[in-house]
Amino acid sequence: MARDSATFERLDGSRYMPISEHGLIGDLRTAALVATDGTIDWYCCPRFDAPSVFASILDADKGGSFELAADVPTRTRQFYFPDTNVLITRFFAADGVAEIQDFMPVVDESREADRHRLIRRVICARGTLPFRARIAPRFGYGAERHTVQLEPGRAVFRAPSLALALTATVPIEGDGVDVQAHFKLLEGESAVFALDVASADVSPRGCPRVEAEEQFGATVRFWRQWLAHSRYHGRWREMVHRSALLLKLLTYAPTGAIVAAPTTSLPEQIAGERNWDYRYVWVRDAAFCLYAMLRLGFTSEAEAFMGFLSERGILRGAGPTGPLQIMYGIDGRSDLPEYELPHLEGYLGSAPVRVGNAATGQLQLDIYGALIDSVYLYDKWGQPISSGHWDEVGAVVDWLCDHWDQPDEGVWETRAGRRNFVYSRLMCWVALERAIRLANRRGLPADLLRWRRSRDAIYRQIMSRGWSAERGAFVQGLDDDVLDASLLMMPMAKFISPTDPKWLSTLDALGADLVSDSLVYRYDPVASPDGLRGDEGTFSICSFWYVEALARAGRLEEARLAFEKMLTYANHLGLFAEEIGRTGEQLGNFPQAFTHLSLISAAFNLDRALG
C-alpha cells in the first residue's frame, strides 16, 4: 500500500508530521518511527523502554532526529517491501527518482545479543538527485549532553548513558553536536548510513555497501520466513498480514514480552492531558495478542509469552491488588514509576510527556479473564500447559473466587475512583468458565464446585444488575444506565448468544449512542466522568469489536461495510494508532497492538461468517 504525501503539509509551522505519516521498523528489541519525509522522529536504544535518542515527534527542537532526504523539491511515497518490516521511502523529483531503505537487522540472540543496528540505504533509481542528511541525537529524552568524535567515515556520539557509532559511505562533517552530509547520487549509485551501539562489549564495525546489501537480504528473508507460517488466506490478507507483522515487531525477543505500543505520550487529544507511556506489557493486551497469533498459526510467540509469565513468576505474584498487576516491564519488573519530562513540549504542544505508568497500582479485574482465556486457547491450539502452570492458574482462580465481587478501575483505566464495572464482572466470569473447561478437558485437579458456584453467581449478577430495562441494554456499571463499548465483548466471550434478544437490543443501543460512521466511542465521558479533562477520539479496538458483534449477530452486510470503512482510516501502510479523531486523524500512541489484534480477530470471524 502506498499513498502520495505531497498534499500533506507539516502541522504547527511545518514542525510536526501527522502521527499517521510514519512507518515503523524494528529488530524485536526496539523500534523506530520513520516519517514520510525520510526523518526518523522516534528511536529508543537499546530497547523499547530505554530513553529516547531521537524524539522530535515529542519536541521538534529538543527531541533529536535523523533527517535524510532529497535536497530538492520532491513528492514522496512510502511502502513496506512486500511481506516484511523493511520500509521504503521514495522521492520523486524533476531530475530523478530515489529511495531510502530503512531496516534493523534481527540479530542472533546467542551470538550478537548486544548488537543493535539501524541501517539507512539510499539508492538512486533514475536520473540524478542531491541528498542531505543531519544526524542529531538527543540522549536521555533530550536531557543529556553529548560529544561527537569524528573519524574517517565514522562519527561516535557519546553521552553518559549511551554511545552510538555512525558509519557512512559518503563524507560527513560535524559541528561538535550534530553530523551532516551532502552528497549527490547518479542512477544506480547508493549510499549507506548505519547507526550502531558503541560499547566495550560490541566491537565497532563499518557498513560498506556490500554488507548493507547482505543485511538487507537477510532481513527480508527473516520476515518472509516468519510470515510464511500464517494460516490466513482470507479476503483481507494484506491488512491481516500487516497487522501480524506489526504485532511481531512489538515483541521483545529476549523475554517474549509484547509491548502495547512503541511510543509514549502521543496525545489522545491535541493539547489535552491524556498522554501515556505504552512501552510496557499490559497483561490484557498481550493475552489478546496471543489469541490473534494463535488464530493465524503463530504458536512460537504464544509459547514465548507463556515463558515470560512463568520464568518471571508473574502468575505467582502477591501484590496489594492481587496475584497480577495490570502491566509489567518488558523484563518482567513490576515497578514502573510515572514521571513527567517538563523540558519536552509534547507533540504539537500536547504536554505533559510522561515516562512510566502510574496505572500499575490499579485494580483491573478483567485482566484475569483475558489471561486465563489465553492460557486455555494456548492449551487448545498450541501446547498442553504443564502441571506447574496449572498449579499457578488454579491459585489465581481460587483468589478470584474470593475477590471478584468488588469495585475496580476497569478496563479503561479511569482515574476517578473504583466502580462496579460490568465488563470486569464479565471477564471474571470468563476466567472461571475457561478454567473449568480446561480442568474438565484435561482431567486436571480443581475445586470445581467452588469455581462453578462463583461463575454462576457472576452470571446472575450481570443479568440482574448489569441489565437496564429502561435503556434496553447491558450497561457500564451495576445498577446504572450508561452504555459502554467494552460490552461488545459479551458474545465474543460466549457469555451470551449473539442472537439473544437482550444482546440484540444492546447492540442497537450501542449503535445509536456510541457509533459514528463505523467508528465507536468507548463511552460518554459526560455521562460517566473518568477523572480526566478533555475529550477523546473514537477507540479503534471498539470499532473492530463492533464489526465482529455485527457479524456474529448475522448482520453481515452491515459488518462488512463497517469493516471496509474502518480500513479507510488506516494510514498509508495499513497501520492504526489507538484512536481516530473527528476528521479522521490518528490519535494516541502509534502503532498500537490492541487495535491490530482486534483487526485480525474481526477479519477472521467476518471471513468465516461470509463463507
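The values are calculated or read from the model by the stated rules, or taken from the named source; none is laboratory data. These numbers come from a predicted model, not from an experiment. Note that we place each Cβ from the backbone using ideal geometry, even for glycine, and neighbour counts take in every protein chain shown. Heavy atoms of the whole protein, side chains included, go into the accessibility calculation; ligands, DNA and RNA do not. Shrake-Rupley method; radii C 1.70, N 1.55, O 1.52, S 1.80 Å.
The table below gives the values:
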{"item": "Matching residues in region 166-191 - criterion: being part of a loop (DSSP other than H, G, I, E, B) and open to solvent by less than 20 Å² (accessible area, probe 1.4 Å)", "result": "Val170, Asp178"}
{"item": "Unique residue being hydrophobic (A, V, I, L, M, F, W, C), closer than 22 Å to Thr30 by Cα and open to solvent by 40 Å² or more (accessible area, probe 1.4 Å) when the list is Ala198, Ala143, Ala163, Ala159", "result": "Ala143"}
{"item": "Total residues in region 122-140, condition open to solvent by 10 Å² or more (accessible area, probe 1.4 Å) and not hydroxyl-bearing (Ser, Thr, Tyr)", "result": "9"}
{"item": "Where Ile385 falls short, out of the listed (1) closer than 29 Å to Phe590 by Cβ; (2) part of a loop (DSSP other than H, G, I, E, B); (3) open to solvent by less than 30 Å² (accessible area, probe 1.4 Å); (4) of a type outside the set (Asp, Glu)", "result": "(1)"}
{"item": "Inter-residue pairs, beta-carbon under 6 Å, first free of Cβ contacts under 8 Å to residues at least 40 places away in the same chain and in region 162-184, second open to solvent by 20 Å² or more (accessible area, probe 1.4 Å) and of a type in the set (S, T, N, Q), 6+ apart", "result": "Glu173/Gln180"}
{"item": "Any chance Asp379 is within 21 Å of the chain's Cα centre (by Cα), in a helix (DSSP H, G or I), buried (at least 20 other Cβ atoms within 10 Å of the Cβ) and modelled with pLDDT of 90 or more", "result": "no"}
{"item": "Subset of region 336-376 that is β-branched (Val, Ile, Thr) and out of contact with any strand residue (DSSP E or B) (no Cβ under 7 Å at 6 or more places or on another chain) - its residue that is nearest to Leu324 (Cα to Cα)", "result": "Ile367"}
{"item": "Unmet criterion (only one of (1) within 16 Å of the chain's Cα centre (by Cα); (2) open to solvent by 10 Å² or more (accessible area, probe 1.4 Å); (3) closer than 20 Å to Ala359 by Cβ) for Ala286", "result": "(2)"}
{"item": "Check on Tyr278, open to solvent by 10 Å² or more (accessible area, probe 1.4 Å), within 20 Å of Asn85 (Cβ to Cβ) and not small (Gly, Ala, Ser)", "result": "yes"}
{"item": "Per-region count, region 296-330, residues in a loop (DSSP other than H, G, I, E, B), open to solvent by less than 70 Å² (accessible area, probe 1.4 Å) and either under 17 Å from Lys248 (Cα atoms) or among the hydrophobic types (A, V, I, L, M, F, W, C) (or both)", "result": "5"}
{"item": "Residue within region 596-610 that is open to solvent by 30 Å² or more (accessible area, probe 1.4 Å) and over 21 Å from Cys289 (Cβ atoms) present", "result": "yes"}
{"item": "Filter result for Phe131 (in a strand (DSSP E or B), in contact with a strand residue (DSSP E or B) (Cβ under 8 Å, 6 or more places away or on another chain), in contact (Cβ under 8 Å) with a residue 60 or more places away in the chain and not hydroxyl-bearing (Ser, Thr, Tyr))", "result": "yes"}
{"item": "Residue in region 356-374 that is nearest to Ala50 (Cα to Cα), counting only those that are open to solvent by less than 10 Å² (accessible area, probe 1.4 Å) and within 19 Å of the chain's Cα centre (by Cα)", "result": "Gly356"}
{"item": "Helices (runs of 4 or more DSSP H) (entirely within region 481-569) containing at least 1 residues that are closer than 20 Å to Asn589 by Cα and open to solvent by less than 20 Å² (accessible area, probe 1.4 Å)", "result": "540-552, 556-568"}
{"item": "Flag if Asp335 is without any contact (Cβ under 8 Å) to a residue 60 or more places away in the chain and either farther than 26 Å from Tyr252 by Cα or of a type in the set (Asp, Glu) (or both)", "result": "yes"}
